[in-house]
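K.L.:
Mind looking over this structure? Questions follow.
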Amino acid sequence: MKIAKDKFTLGLELPSDPRWIDVAKKNIKDILIDHAYCEQKAASSCISLIIQHPDREKLVEMLAPVVKEEWEHFERVLAELKKRGFTLGPQRKDEYVEELTKFVKKGGSREQHLVEKLLLNALIEARSCERFKMLWKTIPDKELSEFYHELMISEAGHYKNFLQLAKEYLPEDVVMRRWEEWLGYEAGIMKQLEVRGDRIH
């Protein structure tokens, strides 16, 4: 399947440390467990946005299918674990997302607060897409490689959905200025976090 070249231009300021994939390939069980929880949390995040903003017709329309898709991904990751004789195991602390959440602006209008949440989700999806691309291109397990290729495409679509939604509620120039700030902050997190191959982020 051919991918449009610009589909995965994620705009991340700092690529993942290449050491991550070297360690990740040796810890597929841990990667799959963490990935399962990432999909569960992604579905939950979209549900929360819908519950908090049921009056936003465009948001409900765009995110309802994402909830379904993220939950299907959760179930599929569980299937990949089972296929390899692994069980889910406990959830791990996600230091990356914890640090990102600190950058969400407090206060402001309802629209500003919503846009902050949408940009947070867009950034998580963008970084996940980048990591899935690394897994697709590098892991020797052909079946799992194809799985991550498929999910990479999906995550790229979700990333674009969140950015598009943000522009529904604030002017595009305002959204993109704030997005640049988010990208800079996220790059700082990536520089500081320990390289761990047992986590997606």
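Values in this text are rule-based calculations from the coordinates and carry no lab data. Keep in mind that this is a model prediction, so the values were computed, not measured. As a convention, Cβ positions derive from the backbone with ideal geometry for all residues, glycine included, and neighbour counts pool all protein chains shown.
K.L.:
Sort His113, His35, His201 so that the residue with the fewest other Cβ atoms within 10 Å of its own Cβ comes first and the one with the most comes last.
P.N.:
With the sparsest Cβ surroundings first, the list reads His113, His201, His35.
K.L.:
Let me ask another. Using just the alpha carbons, could you tell me how many Å³ per residue the convex hull of segment 72-201 encloses?
P.N.:
127 Å³
K.L.:
First select every other residue whose beta carbon is under 13 angstrom from the beta carbon of Lys29; then total the charges, Lys and Arg +1, Asp and Glu -1.
P.N.:
+2
K.L.:
Defining a contact as two alpha carbons under 8 Å apart and six or more residues distant in sequence, what relative contact order in percent does segment 48-201 show?
P.N.:
25 percent
K.L.:
Here is a follow-up. Work out the P(r) tail for segment 1-107: percent of alpha carbon pairs separated by more than 18 Å, whole number.
P.N.:
67 percent
K.L.:
Strictly over 26 Å apart at the Cα level, which of Lys25/Lys68; Lys117/Lys142; Lys68/Lys102; Lys105/Lys167; Lys41/Lys106 would you flag in this model?
P.N.:
Going by Cα-Cα distance, Lys25/Lys68; Lys117/Lys142; Lys68/Lys102 fall outside the 26 Å limit.
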